[in-house]
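First the structure, in the form of structure tokens, and then the observations on it.
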Amino acid sequence: MPGAFFVRFERFLVRANLVALAALLVLLITIVGFGIAEYTRSDDRYSEQFVRSTEPRGEILKGPQGKITLYARQDSDSEAQRDIRFVDMQSGKVVALADDRDAKIYGAGSVATFGYVGLVKTGEQSGRPIFDFVFVRFSDMSRHVVASAIDALDAVTRLDDASFSAIVWDSAIKARFVIVDAKAAKIVTSRSLDFSDADAGRTGTGSAEQGAQQAAAAAQEAANAAAPINKFD
């Protein structure tokens, strides 16, 4: 009888060891699975936010002949977009704001109903980003580079049905007021703005809105200085 007892006890120990081993394996698998899930959640490549941001987003614009559909993707830089393209809903013609779908595009926006502008990053110069000032004309769905290797662009303003103005920064302290003829897709008026003293410390990342506040303040100061003095004050 004692021998039978020990046999049963040994079998019990074997079963207990197997159960413990199985429980340990389940625990290890759970820990590993949890770790993988946490890694994938922390990795931007698998995050829901990243997936959503890379999906093209559509927007309807009004063109001279009818509707224009704009598609764009959000870049990892919150101030930039990429892969901006337009579809003419009358003809189906498609035009992109940049040939390179991964190029960063800053300050993109429509100009009335006749076109769309944006700054396409093309490289760096003296440690600062440089851009092409690009205009997409809706009348014939064509793309035009208005200015190259510029530092920033401010205050794009519609003037009439065929032209718009803007302030182009050729460097951190050198700017010019320009008027663009939309039909010719080129600058027809350019006037130098001297911000060498007022904006000597201008710095930033080079986004399309870079320096807008400084430029506006300096322009207002210059306008105030040039205004005639009211002798009745």
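Any residue at all in the stretch 39-56 that's at pLDDT 65 or above and either surrounded by 11 or more Cβ atoms within 10 Å (Cβ to Cβ) or outside any strand (DSSP E or B) (or both)?
Yes, because at least one residue in the stretch 39-56 is at pLDDT 65 or above and either surrounded by 11 or more Cβ atoms within 10 Å (Cβ to Cβ) or outside any strand (DSSP E or B) (or both).
Has the stretch 220-233 got any residue that is at pLDDT below 50 and among the aromatic types (Phe, Trp, Tyr)? Talk me through it step by step, then tell me what you get.
The first filter runs over the stretch 220-233 and keeps only residues at pLDDT below 50, leaving 220, 222-233.
Adding the requirement that they be among the aromatic types (Phe, Trp, Tyr) leaves 232.
Yes, the stretch 220-233 contains a residue that is at pLDDT below 50 and among the aromatic types (Phe, Trp, Tyr).
Scan the stretch 65-77 for residues that are open to solvent by 70 Å² or more (accessible area, probe 1.4 Å) and within 30 Å of ASP160 (Cβ to Cβ) and jot them down.
Those that are open to solvent by 70 Å² or more (accessible area, probe 1.4 Å) and within 30 Å of ASP160 (Cβ to Cβ): GLN65, LYS67, TYR71.
The values are calculated or read from the model by the stated rules, or taken from the named source; none is laboratory data. None of the values given here were measured: they were computed from a predicted structure. Note that we place each Cβ from the backbone using ideal geometry, even for glycine, and neighbour counts take in every protein chain shown. For the accessible areas, the whole protein counts, side chains as well, though only heavy atoms, and no ligand, DNA or RNA atoms are used. Shrake-Rupley method; radii C 1.70, N 1.55, O 1.52, S 1.80 Å.
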